[in-house]
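Just passing along the structure, written as structure tokens.
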Amino acid sequence: MSIWRLPAGTAANMTVFMSGSREEFTLIRRADEMASEYLSGVRDRPVFPPAEARAALSAFDESLPVAGEDPRDTLELLHRVGTPATVTSNGPHYYGFVIGATLPAAAAAERLALAWDQCASGYANSPTASVLEARAGRWLLEVLDLPRPSAVGFGTSATACGLACLATARRALLARAGWDVQRDGVVGAPKIRVVLSEAVHVTIKKILRLLGFGQRDLVFAPVDAHNRVDPARLPPVDDRTIVCLQAGEVNTGEHDPFRDLIPTAKAAGAWVHVDGAFGLWARACAELRSFTDGVDLADSWTTDGHKWLNTPYDGAMAICRDPSLLSETMNADAPYATAEPTSQKNLTTEFSRRARGIAVWAALRSLGRTGVDEMVARHCRQARRLADGLRAAGVEILNRVVLNQVLGRLDTDARTRALVTACQQSGEVWFGPGVWQGRPAFRLSVSSWRTTDADIDRAVEVVTRELRRL
Ligand SMILES: *Cc1c(COP(=O)(O)O)cnc(C)c1O
């Protein structure tokens, strides 16, 4: 009898499997069966869960059990009720945001790593995680061709990683101005301004807010018709300015002209940070690399694994040209937990976390340089195919489709909104609304490794059919 039950009459009547018991393995194997079954259906499941499946989520409205429920029953409930109400973003027909699916090698590595349950804060907690994340970091710098001595921290998101980079930027600029922010704080410190794109991602604004920058500290740089910062209209920058640029704008997929902007900003003594959540991956692709010319001249960069690299949620990277600036800013050494400056806990916001770099390592190892290049190139080709098909169906395409983003609208705002709703409700594709130059639009991103050219044609058919029905 390996199910452990406390005798009746004790405070709890827990059902816990004994460590290493057959029940424990059977339970994990059952979860794996469910996962495999889910994946085998990922092509045919509704892309957005139907109303009945969402309504059935009320089965989770249970009160917290006093006596623990059976782990097997817990897993069955999760599968029976939870699975049907998932969004199939790990499938081929999902074009919302830039979500990406999960590559098999990354998903499998993640599964094994979950069994290891490593705390990836540093070598003392996990030699395996520490060595693998260091290797993944080196490979990342190679595949993105960023300065090789840079530090790479693995965090939860581009938001969390951007926080680490921008905190580092402020600390470094203040130090150059003779102000030790770690000793003297930000109150009374020399003013640091942030110049950022008018088309900046909302998460950069959030990071700046968290760091204590006010709206009056932000100077927006005007953008051109493609939402790229216009070098001719770059606001004045100096050695107390952080310049935030962007690789991959969410509507157009376009890159700021780094070659024209970064040398100017650097010559003035500014710190340049590049938000490359998805668009930095253009640099891994020979056909698209020129969009990123000069991006390697920046001081710090963020990018996601969970978007275009198709690693599981969640995982992102903070990259900093000067490793010691990042590790001093993010240092989390304590008397009981000192570590190398290269320890992950000294590079990102998290102290304890799972080894997100393992999925990045597995994705890069299984794709290789060529695989990354081909996946990124294919998605961009498919985005053009999608745009051509939609145009033929009567959709106005609003961007140049230079990357994996397609931005469209119909002749009236009402019809634009109705098309988005109809397509979402079809369950056959999913893409989201957007706003372009003050009017409703919709946005499709191609970023799942599972999406084939035939899937693109099918998406065009669905949109064409729904358009006719409007
Ligand atoms: C998604 C995105 C972010 C935020 O990334 P998270 O990993 O979701 O925090 C930042 N910038 C751009 C351009 C993005 O597309």
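The values are calculated or read from the model by the stated rules, or taken from the named source; none is laboratory data. Because the structure is predicted, anything quoted here is derived from the model rather than measured. When we count neighbours, we look across all protein chains shown, and the Cβ atoms used for this are built from the backbone with ideal geometry, even at glycine.
Determine, yes or no, whether residue 364 is closer than 26 Å to residue 149 by Cβ and out of contact with any Phe, Trp or Tyr (no Cβ under 8 Å at 6 or more places or on another chain).
For residue 364, the condition - closer than 26 Å to residue 149 by Cβ and out of contact with any Phe, Trp or Tyr (no Cβ under 8 Å at 6 or more places or on another chain) - is not met.
Is one or more of the residues making up region 192-203 away from the ligand (no atom under 16 Å from the Cβ) and in a loop (DSSP other than H, G, I, E, B)?
Looking through region 192-203, at least one residue is away from the ligand (no atom under 16 Å from the Cβ) and in a loop (DSSP other than H, G, I, E, B).
Of the residues that sit in region 53-107 and are within 16 Å of the ligand (Cβ to nearest atom) and among the β-branched types (Val, Ile, Thr), which one is farthest from the chain's Cα centre (by Cα)?
Out of the qualifying residues, it is 87.
Can you work out which of the residues in region 90-121 that are of a type in the set (Gly, Ala, Ser) and touching a strand residue (DSSP E or B) at 6+ places or on another chain (Cβ under 8 Å) is surrounded by the most Cβ atoms within 10 Å (Cβ to Cβ)?
Restricting to residues being of a type in the set (Gly, Ala, Ser) and touching a strand residue (DSSP E or B) at 6+ places or on another chain (Cβ under 8 Å), the top hit is 120.
Every residue in region 360-396 that is surrounded by 16 or more Cβ atoms within 10 Å (Cβ to Cβ) and among the β-branched types (Val, Ile, Thr), please.
360, 372, 376, 395
Filter region 204-216 down to residues that are in a helix (DSSP H, G or I) and surrounded by fewer than 21 Cβ atoms within 10 Å (Cβ to Cβ), then give me how many there are.
Adding up the residues that qualify gives 6.
Just the residues that are part of a helix (DSSP H, G or I) and either within 15 Å of the ligand (Cβ to nearest atom) or surrounded by 14 or more Cβ atoms within 10 Å (Cβ to Cβ) (or both), please, taken from region 219-246.
Passing the criteria: only 231.
Select from region 252-264 the residues that are more than 10 Å from the ligand (Cβ to nearest atom) and within 25 Å of residue 155 (Cβ to Cβ) and write down the one among them that is surrounded by the most Cβ atoms within 10 Å (Cβ to Cβ).
256
Still on this model: Select from region 412-470 the residues that are free of Cβ contacts under 8 Å to residues at least 12 places away in the same chain, assigned to a helix (DSSP H, G or I) and of a type in the set (A, V, I, L, M) and write down the one among them that is farthest from residue 248 (Cα to Cα).
The residue in question is 414.
Among the listed residues 64, 78, identify the single one that is part of a loop (DSSP other than H, G, I, E, B), not assigned by TED's automatic domain parsing to the domain that holds residue 250 and not basic (Lys, Arg).
64
Can you pull out the residues in region 137-168 that are of a type outside the set (Lys, Arg), in a helix (DSSP H, G or I) and more than 16 Å from the ligand (Cβ to nearest atom)?
137, 139, 141, 142, 143, 168
Need the failing condition index for residue 249 against (1) within 16 Å of the ligand (Cβ to nearest atom); (2) assigned to a loop (DSSP other than H, G, I, E, B); (3) surrounded by fewer than 24 Cβ atoms within 10 Å (Cβ to Cβ), just the number.
(3)
Further question on the same structure: State the number of residues belonging to region 265-287 that are in contact with a Leu (Cβ under 7 Å, 6 or more places away or on another chain), more than 15 Å from the ligand (Cβ to nearest atom) and charged (D, E, K, R).
Of the residues in region 265-287, 1 are in contact with a Leu (Cβ under 7 Å, 6 or more places away or on another chain), more than 15 Å from the ligand (Cβ to nearest atom) and charged (D, E, K, R).
Have a look at 363, 318 and point out the one that is at negative phi and assigned to a helix (DSSP H, G or I).
363
Right, something else. Would you tally the residues in region 199-208 being over 16 Å from residue 241 (Cα atoms) and charged (D, E, K, R)?
1
How many of the residues in region 321-348 are among the aliphatic types (A, V, I, L, M) and either within 16 Å of the ligand (Cβ to nearest atom) or at positive phi (or both)?
Residues in region 321-348 being among the aliphatic types (A, V, I, L, M) and either within 16 Å of the ligand (Cβ to nearest atom) or at positive phi (or both): 0 in total.
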